[in-house]
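Novice: I have a structure here, written as structure tokens, and I will follow up with some questions on it.
The values are calculated or read from the model by the stated rules, or taken from the named source; none is laboratory data. Keep in mind that what you see is a predicted model, and the values were worked out from it rather than measured. Note that we place each Cβ from the backbone using ideal geometry, even for glycine, and neighbour counts take in every protein chain shown. Accessible surface is based on the protein model in full, side chains and every heavy atom, while ligands, DNA and RNA are left aside. Shrake-Rupley method; radii C 1.70, N 1.55, O 1.52, S 1.80 Å.
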Amino acid sequence: MFLDKRTFPTVATFFVFSALQCLSPAAGAETFHQYQLQKQGKAYELVRKTVAVPEINAEQILVKVHAASLNRRDIYVIQGFYRGPEANGKVPLSDGAGEVVAVGSNVTRFRVGDRVAGTFFTNWNGGKFSAAALASARGGAVDGMLSEMIVATEDSLVKIPSHLSYEEAATLPCAGVTAWNGLFKAGDLQAGEYVLLEGTGGVSTFGLLFSAAVGAKPIITSSRDEKLQKARSMGAIGTANYRKNPNWSDEVLEITGGRGVDHVLEVGGEKSLPQAMKSLAADGHIAVIGGLSGFGASLRTSDLLFRSASVSGIYVGSRADFEAMNALIEKHQIRPLIGKVFSFDEAPAAYEFMQHGNYMGKIVIRMDK
Ligand SMILES: NC(=O)c1ccc[n+]([C@@H]2O[C@H](COP(=O)([O-])OP(=O)(O)OC[C@H]3O[C@@H](n4cnc5c(N)ncnc54)[C@H](OP(=O)(O)O)[C@@H]3O)[C@@H](O)[C@H]2O)c1
């Protein structure tokens with residue numbers, strides 16, 4: 001839907017406009033709270049708003065959001081670094097989970113009471129990535145999940161695994177799907193293979209949990225020994241401290257008996273890609289995902305061709321990928337690692353903690369806490 005900003009400054013304003021015509025009785029409330037991004041120079045600040053509960057049309061679903069989670073991308077967005085359309089007035093955070101409270105008459109995939117999570121891209125059901133999908137990323141291009149309620153299409157929701165809480169399910173859409181995509185779809189991970197994970201943030205801890213669950217051999221790096229110890233308790237067969245040893249590929253090679261790893265979830269970027277390449281076995285695969293130390297990394301072609309190695313760029317994944325990941329999570333009863341939970345009122349503190357705090361795994365915001 002295109003809104004002329006001169007007439008409708010924000011999507012929230014559109015909600016107000018709709019709500020004035022007809023309130024949704026299923027919502028049980030006339031207003032709810034959400035945060036919006038408000039431009040401040042090049043960056044944004046979080047502004048809390050009270051908006052009216054919208055009426056849904058025949059194709060739409062009203063979701064009461066119980067929890068949302070942060071990704072590194074949300075920091076890039078609020079700092080104004082993220083490549084993409086203007087986010088002014090948009091609701092932040094791509095990830096969240098909640099409960100269906102109303103469905104339009106043409107909705108077939110969901111019913112009131114279903115437990116759901118939003119997909120990262122609202123317009124990528126499956127198949128190849130496209131420009132249309134790119135323009136549909138929640139929490140940047142379109143409204144995100146830091147809102148007590150959202151209106152969604154059925155294409156942009158998935159049912160969540162039954163053993164997960166809303167807090168746990170809220171961590172899945174970006175970091176979980178990205179790790180799953182890099183390991184299983186782009187990488188075709190098999191039991192017994194070595195997997196390299198960098199740092200103990202969201203994508204990497206999902207990579208650790210997934211690879212341990214299927215009988216692969218995860219090796220993980222961190223700047224802190226206590227996190228490496230925790231990672232061992234989660235299934236890591238080997239660890240290296242990248243701060244103590246900048247040439248940590250030596251340790252990875254030693255752990256693998258000189259063979260190297262079959263898969264890398266490359267989130268470290270400039271500083272880590274050369275080490276990841278040195279750690280790679282013949283026929284290995286690098287899933288290029290992030291740039292925690294900068295996005296300007298480059299590869300030597302000879303490093304790839306003499307290994308017959310492959311590299312894939314990963315951008316989260318489709319709804320079909322999300323559903324396939326959920327099947328894996330259900331099968332192995334995997335539980336995401338949550339580092340810290342904040343209340344809705346504490347959302348700015350959650351952002352601050354993600355930038356400067358010491359955590360492993362995911363940071364969650366609980367709406368009704
Ligand atoms: N392409 C995609 O679709 C996609 C999807 C998700 C994320 N990403 C990107 O992937 C990266 C990771 O995202 P995330 O949300 O998982 O991050 P995150 O949760 O914020 O990860 C933070 C952790 O990363 C580790 N770290 C920091 N600097 C590092 C470095 N130079 N080398 C290795 N590890 C480092 C630290 O672990 P220790 O404290 O253990 O040292 C830190 O605690 C980001 O660049 C993000 O933008 C891309």
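Novice: More than 36 angstrom separation, counting every C-alpha pair in the chain; what % is that?
Specialist: Tail fraction, whole percent: 22.
Novice: Stretched out fully, how many nm does the piece from D368 to D155 gain, at 0.36 nm a residue minus the Cα gap?
Specialist: Once the chain is fully extended between D368 and D155, it gains 74.1 nm.
Novice: Is the stretch 39-124 rounded, prolate or oblate when judged by the Cα gyration tensor, a ≥ b ≥ c being the square roots of its eigenvalues, rounded requiring a/c under 1.5 and prolate requiring a/b larger than b/c?
Specialist: prolate
Novice: Additional query: Just reorder T200, T50 by solvent-accessible area, largest first, 1.4 Å probe, all chains present.
Specialist: So, going from the largest accessible area down, we get T50, T200.
Novice: Classify the stretch 196-278 as rounded, prolate or oblate, taking a ≥ b ≥ c as the square roots of the eigenvalues of its Cα gyration tensor: rounded when a/c is under 1.5, otherwise prolate if a/b is larger than b/c and oblate if not.
Specialist: Judged from the Cα gyration tensor, the stretch 196-278 comes out rounded (a/c under 1.5).
Novice: Related question: So in the chain, what percent of DSSP beta bridges are antiparallel if you round to the nearest 5?
Specialist: Just about 55 percent of them are antiparallel.
Novice: So what's the Cα pair-distance distribution over the stretch 47-93, bin width 5 Å, in %?
Specialist: Using 5 Å bins, I get a P(r) of 5, 14, 20, 20, 19, 16, 6, 0 for the stretch 47-93.
Novice: Simple spin-label model, 7 Å along Cα-to-Cβ: A282 to A320 in nm?
Specialist: About 3.4 nm, to one decimal.
Novice: Using DSSP to define loop residues, name the chymotrypsin sites (Phe, Trp or Tyr not before Pro) in the stretch 230-309 whose beta-carbon has at most 16 other beta-carbon atoms within 10 Å.
Specialist: Those that pass, being in a loop and sparsely packed, are F295, F306.
Novice: Tell me the Rg and the Dmax, in Å, that the Cα atoms of the stretch 279-332 produce.
Specialist: Values for the stretch 279-332 (Cα only, Rg and Dmax): 14.9, 41 Å.
Novice: Please state the shape class of the stretch 236-369: rounded when a/c is under 1.5, otherwise prolate if a/b exceeds b/c and oblate if not, all from the C-alpha gyration tensor.
Specialist: It is prolate, given that a/c is not under 1.5 and a/b is the larger ratio.
Novice: Can you give the extra length, in nm with one decimal, that the chain gains between V112 and H356 once fully stretched, where that is 0.36 nm per residue apart less the Cα-Cα distance?
Specialist: 83.9 nm
Novice: I would also like to ask the following. Of the cross-linked pairs K42/K278; K128/K271; K159/K271; K64/K340; K64/K217, which ones have a Cα-Cα span greater than 27 Å in the structure shown?
Specialist: K42/K278; K128/K271; K159/K271; K64/K217
Novice: Also, I was wondering about something else. Could you compute the FRET efficiency for A43 and S162, with r as their C-beta to C-beta distance and R0 at 25 Å, rounded to 0.05?
Specialist: It comes to 0.05.
Novice: Under 10 Å, Cα contacts only: if you run a Gaussian network model on the chain, which one of S130, S279, S69 comes out with the highest mean-square fluctuation?
Specialist: Highest fluctuation of the listed residues: S130.
Novice: In addition: In nm, to one decimal, how far is the modelled label at S233 from the one at D303, with both set 7 Å along Cα→Cβ?
Specialist: 3.5
Novice: Shifting gears a bit: Sticking with the crude label model, points 7 Å out along Cα→Cβ, report the distance from D188 to H33 in nm, one decimal please.
Specialist: So the label points at D188 and H33 sit 5.0 nm apart.
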